[in-house]
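Enquirer: Got a structure here, written out as structure tokens. Questions coming.
The values are calculated or read from the model by the stated rules, or taken from the named source; none is laboratory data. The shown structure was predicted, so the numbers you read here are calculated from the model rather than taken from an experiment. Backbone-built Cβ (ideal geometry, glycine too); neighbour counts: all protein chains shown. The protein model used for the area step is the full one, side chains on, heavy atoms only, and it has no ligands, DNA or RNA in it. Shrake-Rupley method; radii C 1.70, N 1.55, O 1.52, S 1.80 Å.
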Amino acid sequence: MTKKTKLTLEGTTIDLPIIVGSEEEKAIDIGSLRKETGHITLDPSYANTGSCKSDITFIDGEKGILRYRGYPIEELAKKARFSEIAYLLINGELPNNNELADFSNQLTYHSLIHEDMKKFFDSYPMNAHPMGVLASTVAALSTFYPDVQQEPSNLNIIRILAKVKTLAAFSYKKSIGQPLIYPMNDLSYEDNFIRMMFAVPAEEFTVNPVVSDAIRLLLILHADHEQNCSTSTVRMVGSSNANLYISIAAGIGALWGSLHGGANQRVIEMLGMIHKSDNDYKKYIEKAKSKTSKFRLMGFGHRVYKNFDPRAKVLKESAAKLLDKLGIDDPLLDIARNLEEVALNDEFFIERNLYPNVDFYSGIMYRAIGIPTNMFTVMFALGRLPGWIAHWNEMKSDSKTRIYRPRQVYTGHTKRSFVPMDKRS
Ligand code: ACO
């Protein structure tokens, strides 16, 4: 039996169903509110609004819990491969040996992009931001594979998963003026990407397993995060019956913003700035607290986590290990640790529950691997791709989905008459 709550508004009492999720999350279903009372709810930036039911990812922001399809992120970070996680998110269950082998083979086999698409890379300016290149080339995939316009097939899903890493690596090679490196069929998803990024023609190249493992970890930690800004964008665009590829291109646009995935680039820029100013990190803490300054401590705070972001915990430890294994001494890691320590003991940050988020330590790892700063958010997009696909599919397969269309409370002029130009003062 569905529990209900009563709401009395201007003398009318209505029953509203209470929806309880599998982890006891509770929501009031206000679907009948406007029809029965004439009211809507107002929730700017959707901080209290559940836009859907979802089986994919569970977050408990107060306890710092993140699970994909029930599996804790800490376990997946240690043991899983990225292709397994992509399969899990999209299909709902972990693959068996045969399923994984088949899925991985397909991801390799479909890595090449249409030769005509390569011409795009000649047309972007040299210093084009790779997120702009990624968003536009992913949008263009829907022109090369118009069958995605119908219900996308498994092949459409494999194609985008396989090709985005090639598009990302090509955009980097182009930006540094090096020849493009084609994918190789005997390499894993991670290793293929690393090779396309860093190999140079006519030179031997072997993938360093330490780098490969770091990429694996980073991709897994970014693979899904329920109804975040970019995923909600993907769902919203898809709800109008727009195709999967163009919906994901829109999600890439949303991810680019500095309050979302773009924060990872901004964190390293901030740490670099602190380094240049004689490591005076305390000055930046004060700046972040100041009501007159627009400066924020990038990589800190989260709409949902009011406790440690579990991904940041994993990354802090992994960043130190990676630098150690690669024999790199990065002063930015020390600055990050100092900032974290000061912030976690400062009343301003404590009161507002501001903890490091996933972007705080990821950049230190990307830097150590040799990924350039303006590619950091592209790395986030690569990881998030399976999550976007899983959410797009879930939204489409829910028979209750209608076009996403929020309402508003209008606060503009009431009715007035048009004044012709010659009568206007
Ligand atoms: N530095 C300083 N103060 C902060 C920070 C920060 N990083 N984040 C939040 N605050 C303060 C705000 O000024 C506000 O203070 P006030 O109550 O005195 O006005 C309070 O904390 C609440 O902040 P909101 O902006 O209302 O929180 P919201 O949930 O809307 O925003 C966000 C969350 C965007 C992540 C915010 O914390 C932020 O801008 N962080 C820096 C950017 C960042 O790291 N983004 C990546 C997020 S994770 C991801 O998308 C992958």
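Enquirer: Being acidic (Asp, Glu) and either open to solvent by less than 60 Å² (accessible area, probe 1.4 Å) or modelled with pLDDT under 95 (or both) is the filter here; which residues of region 37-60 pass it?
Expert: Residues satisfying the conditions are 43, 60.
Enquirer: Still on this structure: Only residues in region 11-39 that are over 29 Å from residue 67 (Cβ atoms) count as the first member; pair them with residues that are among the acidic types (Asp, Glu) and outside any strand (DSSP E or B), Cβ under 8 angstrom, at least 6 apart or cross-chain, and list the lot.
Expert: As it stands, the answer is 12/36; 14/36; 37/10, since those pairs meet every condition given.
Enquirer: Let me ask something additional. For region 266-285, which positions are open to solvent by 30 Å² or more (accessible area, probe 1.4 Å), part of a helix (DSSP H, G or I) and away from the ligand (no atom under 11 Å from the Cβ)?
Expert: 269, 273, 275, 276, 281, 282, 283
Enquirer: Looking at region 144-191 only, could you name the residues that are surrounded by 19 or more Cβ atoms within 10 Å (Cβ to Cβ) and in contact with a Ser or Thr (Cβ under 6 Å, 6 or more places away or on another chain)?
Expert: Result: 148, 162, 166, 167, 183, 189, 190, 191.
Enquirer: With respect to residue 351, determine if the residue is under 22 Å from the mean Cα position of the chain (by Cα) and of a type in the set (D, E, K, R). Break it down into steps so the answer makes sense when it comes.
Expert: On the way: under 22 Å from the mean Cα position of the chain (by Cα): no; of a type in the set (D, E, K, R): yes.
In short, no.
Enquirer: Need pairs with beta-carbon distance below 8 Å; first residue in contact (Cβ under 8 Å) with a residue 12 or more places away in the chain and within region 405-425, second open to solvent by 100 Å² or more (accessible area, probe 1.4 Å); sequence gap 6+ or separate chains.
Expert: As it stands, the answer is 407/34; 409/42, since those pairs meet every condition given.
Enquirer: Tally time: how many residues in region 398-425 are within 30 Å of residue 233 (Cα to Cα), open to solvent by less than 100 Å² (accessible area, probe 1.4 Å) and among the β-branched types (Val, Ile, Thr)?
Expert: Residues that pass the stated criteria total 2.
Enquirer: Answer yes if at least one residue in region 101-114 is over 23 Å from residue 220 (Cα atoms) and touching a strand residue (DSSP E or B) at 6+ places or on another chain (Cβ under 8 Å), and no otherwise.
Expert: No, the conditions are met nowhere in region 101-114.
Enquirer: Taking interchain pairs and intrachain pairs at least six residues apart, which have beta carbon atoms under 7 angstrom, with the first residue in region 327-355 and over 18 Å from residue 305 (Cβ atoms) and the second open to solvent by less than 80 Å² (accessible area, probe 1.4 Å) and of a type in the set (Phe, Trp, Tyr)?
Expert: As it stands, the answer is 335/281; 338/281; 342/281, since those pairs meet every condition given.
Enquirer: On to the next question. Just checking, how many residues over region 169-190 are assigned to a helix (DSSP H, G or I) and among the small types (Gly, Ala, Ser)?
Expert: 3
Enquirer: Does residue 296 count as near the ligand (Cβ under 9 Å from one of its atoms) and either in a helix (DSSP H, G or I) or in the same structural domain as residue 224 (by TED's automatic domain parsing) (or both)?
Expert: Numbers: near the ligand (Cβ under 9 Å from one of its atoms): yes; either in a helix (DSSP H, G or I) or in the same structural domain as residue 224 (by TED's automatic domain parsing) (or both): no.
Against the criterion (near the ligand (Cβ under 9 Å from one of its atoms) and either in a helix (DSSP H, G or I) or in the same structural domain as residue 224 (by TED's automatic domain parsing) (or both)), residue 296 does not qualify.
Enquirer: Then there's this: If we keep just the residues of region 253-265 that are part of a helix (DSSP H, G or I) and open to solvent by 10 Å² or more (accessible area, probe 1.4 Å), which is farthest from the ligand (Cβ to nearest atom)? Talk me through it step by step, then tell me what you get.
Expert: Going through region 253-265, the residues part of a helix (DSSP H, G or I) turn out to be 253-256, 263-265.
Checking which are open to solvent by 10 Å² or more (accessible area, probe 1.4 Å) leaves us with 253-254, 256, 265.
On the way: 253: 14, 254: 10, 256: 11, 265: 11 Å.
Looking at residues that are part of a helix (DSSP H, G or I) and open to solvent by 10 Å² or more (accessible area, probe 1.4 Å), I get 253.
Enquirer: Right, next: Within region 390-424, which residues are aliphatic (A, V, I, L, M) and under 20 Å from residue 149 (Cβ atoms)?
Expert: Keep residues of region 390-424 that are aliphatic (A, V, I, L, M), which gives 390, 395, 403, 409, 419, 421.
Matches in region 390-424: 395, 403.
Enquirer: Every residue in region 106-136 that is free of Cβ contacts under 8 Å to residues at least 60 places away in the same chain, farther than 25 Å from residue 261 by Cβ and surrounded by 12 or more Cβ atoms within 10 Å (Cβ to Cβ), please.
Expert: 106, 114
Enquirer: OK, next. Identify, from the list 200, 211, 234, the residue that is more than 16 Å from the ligand (Cβ to nearest atom) and either in a helix (DSSP H, G or I) or under 27 Å from residue 79 (Cβ atoms) (or both). Lay out the reasoning, then the answer.
Expert: Values: 200 fails: either in a helix (DSSP H, G or I) or under 27 Å from residue 79 (Cβ atoms) (or both); 234 fails: more than 16 Å from the ligand (Cβ to nearest atom).
After applying the criteria, what remains is 211.
Enquirer: Continuing with this model, one more query. Given the criterion outside the structural domain of residue 213 (by TED's automatic domain parsing), more than 14 Å from the ligand (Cβ to nearest atom) and of a type in the set (Phe, Trp, Tyr), identify the matching residue among 392, 388. Quick ask: steps written out before the conclusion?
Expert: On the way: 388 fails: more than 14 Å from the ligand (Cβ to nearest atom).
The conditions single out 392.
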